[in-house]
1. Where residues in the stretch 55-71 are surrounded by 10 or more Cβ atoms within 10 Å (Cβ to Cβ) and part of a helix (DSSP H, G or I), which of them is nearest to the chain's Cα centre (by Cα)?
2. If you check Ile111, Ile51, which single one turns out to be open to solvent by 60 Å² or more (accessible area, probe 1.4 Å), in a helix (DSSP H, G or I), on the phi < 0 side of the Ramachandran plot and modelled with pLDDT of 70 or more?
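The values are calculated or read from the model by the stated rules, or taken from the named source; none is laboratory data. The structure presented is a predicted model; accordingly, all values stated were derived computationally and were not measured. Every residue, glycine among them, receives a Cβ derived from its backbone with ideal geometry; neighbour counts consider all protein chains shown. All accessible areas refer to the heavy atoms of the entire protein, side chains included, with ligands and DNA or RNA removed. Shrake-Rupley method; radii C 1.70, N 1.55, O 1.52, S 1.80 Å.
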Amino acid sequence: MSSITFNFPVQRLVRTLAVFCICAMLFVFNGFPAFAASSNPTQGEDKLLGIEKEAQKAVLKQPMGLEETQEKASQGPNEIQGDADMDKMKNASNTNATSFEEQVKNVVENITGKKD
């Protein structure tokens, strides 16, 4: 009996599949910026333009004195940005983060089933 052998180039098939997968990924990932473009691109631009104007004014004038720096800094996170997007910034008052100690206590309580 003669044995039947298949001359099946496995390496060629693997390479072809790899190239196909890479091309498909490139095609899909190039579409993601189109999803981002569907949002309103001018949203938030007004505040950024205001921040840019303030920065240009700050660069062109003499350095601020201590009182002026303190006054501007009290309005927001820094002298230039003011209070732009302060409500979107993360800080201790608008986050519910737990400390490491509290996390460890919770894990120990879950493991042991005991509460202090």
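1. Ranking the candidates gives Ala55 first.
2. Every option except Ile111 fails the conditions.
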